[in-house]
Amino acid sequence: MPNFQSFTIDFLTRYFQQITVYLIATVLVYSVFYIILKKKFLRRYIGRHFPDQNKIKFEIFHSLISRIIFSILIVIVAYSSSLGQTKIYTEINQYGLGWFFLSGIILILWHDTYFYWVHRLFHNIHFFKYIHHLHHRSSNPTPFASNSFDPIEAFLEALPIVIAIYVIPLHPAIILFWDVFQFGVNIYGHLGFEMLSSCFTKHWFWGWFNSSTHHNMHHTHFNTNFGLYFNFWDRVMGTNHPDYHNTFESIHERALDYQI
Ligand SMILES: [Zn+2]
Ligand SMILES: [Zn+2]
């Protein structure tokens, strides 16, 4: 391991990057939806009331704690990678362009599967209180809740990419793509506004992707809608909320009412 001084410098550098990305993305999205264009998007708001400022501070505080966990893991994995212990590679030609793209798809499918099953485990009566309760304190989440986790959950949320880095060859560009993708989907899941068009959830193709309503309903109903990117495992395991499609469409019917 690096000595304490270089570990501290690496950690502080990574943590600064981590909180900068988190704050820029969430403040930007929050400002657009909850302040600048609030009136325009009001009809798309999923919840019944807006969260108070204390809940938002709570979400930001715990997200910044989660980013400490992420930063420590990044420093450890980066150091391990410098010793050649991971499967990270830098020359695309080493595995070819086919693998370069395929590895991105595998990473997303793996993360989606890991998230669904680990998330269901979080909701087990023996674990919920200790691991996942904090995230569910946001009953009508904002984008700031996207990283609002208990420290143990933060570690388990980061684990799938750490495992992948040690198991399959990954190019840094794919890891970066995955990180942007997963954070974007995460923010959308906690947006509080449904921006997808009517019939999305019943579409033969798009219906396999989750909406913001899907995860928003998870925050209010707890034991349904566990999935992340895709509406695959929830469908296969029968854990979609029975009112998912109706709730999604009711937001659009409300939107039409506003326009009349
Ligand atoms: Zn959530
Ligand atoms: Zn949950």
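The values are calculated or read from the model by the stated rules, or taken from the named source; none is laboratory data. Values in this document were obtained by computation on a predicted structure and should not be read as measured data. Here the Cβ is made from the backbone with ideal geometry for all residues, glycine too, and neighbour counts use every protein chain on show.
Pull up the range 46-58, narrow it to residues that are modelled with pLDDT of 90 or more and under 9 Å from Asn140 (Cβ atoms), then point me to the one that is surrounded by the most Cβ atoms within 10 Å (Cβ to Cβ).
The first filter runs over the range 46-58 and keeps only residues modelled with pLDDT of 90 or more, leaving 46, 50-58.
From the residues that got through so far, the ones that are under 9 Å from Asn140 (Cβ atoms) too are 46, 50-51, 55.
Numbers: Ile46: 22, Phe50: 15, Pro51: 19, Lys55: 19.
That would be Ile46.
Applying the selection to the range 2-45, what residues are among the hydroxyl-bearing types (Ser, Thr, Tyr) and surrounded by fewer than 18 Cβ atoms within 10 Å (Cβ to Cβ)?
Restricting attention to the range 2-45, the residues satisfying the condition of being among the hydroxyl-bearing types (Ser, Thr, Tyr) are 6, 8, 13, 15, 20, 22, 26, 30-31, 34, 45.
Hits for the range 2-45 are Ser6, Thr8, Thr13, Thr20, Ser31.
Out of the residues in the range 210-245 that are part of a helix (DSSP H, G or I) and aliphatic (A, V, I, L, M), state the one that is nearest to Asp179 (Cα to Cα). Please lay out each step first, then the result.
Looking only at the range 210-245, we keep the residues that are part of a helix (DSSP H, G or I), and these are 212-221, 233-236, 244-245.
The next check asks that each one be aliphatic (A, V, I, L, M); those that pass are 217, 236.
Details: Met217: 24, Val236: 26 Å.
Looking at residues that are part of a helix (DSSP H, G or I) and aliphatic (A, V, I, L, M), I get Met217.
Taking the range 102-140 as the region of interest, how many residues are more than 30 Å from Arg44 (Cα to Cα) and without any contact (Cβ under 8 Å) to a residue 24 or more places away in the chain?
The qualifying residues number 10.
What tally of residues in the range 102-129 results from selecting those that are in a helix (DSSP H, G or I) and under 22 Å from Asn240 (Cβ atoms)? Show your work before the answer.
Step one: list which residues in the range 102-129 are in a helix (DSSP H, G or I), which gives 102-122, 128-129.
Filter once more, so that each one left must be under 22 Å from Asn240 (Cβ atoms): 108-122, 128.
Qualifying residue count, the range 102-129: 16.
Looking at Asp243, is it surrounded by fewer than 21 Cβ atoms within 10 Å (Cβ to Cβ), out of contact with any strand residue (DSSP E or B) (no Cβ under 9 Å at 6 or more places or on another chain) and under 30 Å from Asn93 (Cβ atoms)? Spell out how you get there, then give the answer.
Numbers: surrounded by fewer than 21 Cβ atoms within 10 Å (Cβ to Cβ): yes; out of contact with any strand residue (DSSP E or B) (no Cβ under 9 Å at 6 or more places or on another chain): yes; under 30 Å from Asn93 (Cβ atoms): no.
When the stated conditions are applied, Asp243 does not pass them.
Considering each of His111, His136 in turn, give the residue that is surrounded by 16 or more Cβ atoms within 10 Å (Cβ to Cβ), modelled with pLDDT of 95 or more and within 13 Å of ligand 2 (Cβ to nearest atom).
Working: His111 fails: within 13 Å of ligand 2 (Cβ to nearest atom).
Sole residue among the options that is surrounded by 16 or more Cβ atoms within 10 Å (Cβ to Cβ), modelled with pLDDT of 95 or more and within 13 Å of ligand 2 (Cβ to nearest atom): His136.
So which helices (runs of 4 or more DSSP H) stay within the range 1-101 end to end and still have 3 or more residues that are touching a residue at least 40 places away in the same chain (Cβ under 8 Å) and among the small types (Gly, Ala, Ser)?
Details: elements: 4-30, 38-41, 53-82.
Output list reads 53-82.
For Ile74, all conditions in the list (1) under 22 Å from Ala164 (Cα atoms); (2) surrounded by fewer than 13 Cβ atoms within 10 Å (Cβ to Cβ); (3) β-branched (Val, Ile, Thr) hold save one; what is the number of the exception?
(2)
Gly184 - would you say it is in a helix (DSSP H, G or I), within 16 Å of ligand 1 (Cβ to nearest atom) and among the small types (Gly, Ala, Ser)?
Values: in a helix (DSSP H, G or I): yes; within 16 Å of ligand 1 (Cβ to nearest atom): yes; among the small types (Gly, Ala, Ser): yes.
So Gly184 fits the description; yes.
Those residues that are closer than 24 Å to Leu42 by Cα and either of a type in the set (A, V, I, L, M, F, W, C) or surrounded by fewer than 21 Cβ atoms within 10 Å (Cβ to Cβ) (or both), I need them from the range 208-240; list them, please.
Residues satisfying the conditions are Phe209, Met217, Thr220, His221.
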